[in-house]
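Novice: Before I ask anything, here is the structure I am working with.
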Amino acid sequence: MTTSTNPFKMTISRFGEDGIRVLFGNDIDLSVHEKVRNFYFYMKSLDLPEVIDYTPSFRSCLIHFNTERTNFARLSSLIEEKEEEALRPGNTPESTLQEIPVHYGGPEALDMKNVCEQTGLSERDVIAIHSDIIYTVYTVGFTPGFPYLGTLDQRIQVPRLETPRTKIAAGSVGIAQGQTGVYPFPSPAGWRIIGHTDVRFFNYEKEPYSLLRIGDKVKFISI
C-alpha cells in the first residue's frame with residue numbers, strides 16, 4: 001500500500017445480475033480509499049429504496065440492488081449523475097481512533113519467531129514497529145468485524161502462510177504483506193499471528209455491531 005495523488009475518478013461495471021461495481025483506482029492507497037469512503041457514505045445518505053446494500057472495499061464499492069425496482073442501466077446512469085457530488089470531500093463522518101491493547105509474543109503469538117527470522121529483527125523491534133503506526137481501516141470483511149488495516153511498515157512486511165491454519169483464536173492479531181488486522185472470531189487464518197487482544201471487534205447484541213468502519217484509525221498498544 002502506498003500514498004499517492006491519483007487522478008482516477010471512477011468506472012462502473014456490472015457485477016452479476018443484481019450488482020454494480022464502482023472502481024475508483026488501480027492502487028491500494030489512501031487517495032483511492034478516500035474516494036471509496038466519500039462515495040460510500042454519500043450514496044448511503046441518499047437512502048435509495050432500490051438499493052439493498054453497499055459493500056466498500058480497498059478500491060471499489062459494490063452495490064447490490066433490487067431488480068424489481070431498477071436495473072443496471074438506470075442505476076448506473078444515476079451514479080454517473082452523482083459522481084461529482086459523491087466524490088466531493090466532506091461526505092464522510094469524522095473518523096474515530098481506537099486504541100487496542102495487545103499482548104505481543106508468548107504462546108498466542110504463533111508466528112512471532114518466524115516473523116523475526118524472516119525480517120532479521122528482534123521480537124522487541126517487531127513489537128515497537130507494529131505498535132508505532134496509526135493504521136487506517138481500509139475495509140471491514142472476511143468475517144464480521146474483521147478490519148483490514150494499513151499500511152504496515154515495510155520492515156515487518158511478510159507473506160501470508162503457505163498453508164493457512166484451519167482455526168485460530170478470537171482476538172488474534174495478524175500481519176500479511178502490507179496489512180495488519182484482528183480476527184474477531186475463531187476462524188481459519190492465513191496471516192501470521194504476532195499477538196492477541198481481548199477487545200471485542202464485533203458484538204451481535206449491540207449496535208453498531210462492528211467496532212470499526214472504513215476510515216477509522218487504529219493504534220495498537222503493547223501491554
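The values are calculated or read from the model by the stated rules, or taken from the named source; none is laboratory data. The model shown is predicted, which means the values in this text are computed figures rather than measured ones. Methodologically, a virtual Cβ is constructed for each residue, glycine included, from the backbone with ideal geometry; neighbour enumeration extends over all protein chains shown.
Novice: Those residues that are exposed (fewer than 13 other Cβ atoms within 10 Å of the Cβ) and in a helix (DSSP H, G or I), I need them from the stretch 81-93; list them, please.
Specialist: Matches in the stretch 81-93: 81, 84, 85.
Novice: Filter the stretch 172-192 down to residues that are surrounded by 23 or more Cβ atoms within 10 Å (Cβ to Cβ), not aromatic (Phe, Trp, Tyr) and not in a strand (DSSP E or B), then give me how many there are.
Specialist: Total meeting the criteria: 1.
Novice: Hey, among 58, 41, which residue is part of a loop (DSSP other than H, G, I, E, B), under 16 Å from the mean Cα position of the chain (by Cα) and of a type in the set (A, V, I, L, M, F, W, C)?
Specialist: Numbers: 41 fails: part of a loop (DSSP other than H, G, I, E, B).
On inspection, the qualifying residue turns out to be 58.
Novice: Can you pull out the residues in the stretch 193-209 that are crowded, with 18+ Cβ neighbours inside 10 Å and not aromatic (Phe, Trp, Tyr)?
Specialist: Matches in the stretch 193-209: 193, 194, 195, 196, 197.
Novice: Could you run through the stretch 1-38 and say how many residues are loosely packed, with under 14 Cβ neighbours inside 10 Å, modelled with pLDDT of 90 or more and not in a loop (DSSP other than H, G, I, E, B)?
Specialist: Count: 3.
Novice: Further question: Consider residue 164 against the criteria (1) touching a Pro at 6+ places or on another chain (Cβ under 6 Å); (2) surrounded by 14 or more Cβ atoms within 10 Å (Cβ to Cβ): it satisfies all of them except one. Which criterion is unmet?
Specialist: Failing condition for residue 164: (2).
Novice: Something else: Suppose we filter the stretch 107-121 for residues that are of a type outside the set (A, V, I, L, M, F, W, C) and in contact (Cβ under 8 Å) with a residue 12 or more places away in the chain; how many remain?
Specialist: So the count comes out to 5.
Novice: I'd like to verify a number: residues in the stretch 122-158 that are more than 22 Å from residue 200 (Cβ to Cβ), assigned to a loop (DSSP other than H, G, I, E, B) and either touching a residue at least 12 places away in the same chain (Cβ under 8 Å) or touching a strand residue (DSSP E or B) at 6+ places or on another chain (Cβ under 9 Å) (or both), how many?
Specialist: The total comes to 7.
Novice: Only one of (1) in contact with a Leu (Cβ under 8 Å, 6 or more places away or on another chain); (2) surrounded by fewer than 16 Cβ atoms within 10 Å (Cβ to Cβ); (3) of a type outside the set (D, E, K, R) is not met by residue 169, so which one is it?
Specialist: (1)
Novice: Shifting gears a bit: Being among the hydrophobic types (A, V, I, L, M, F, W, C) and at pLDDT below 95 is the filter here, so list the residues in the stretch 75-134 that pass it.
Specialist: Result: 86, 87.
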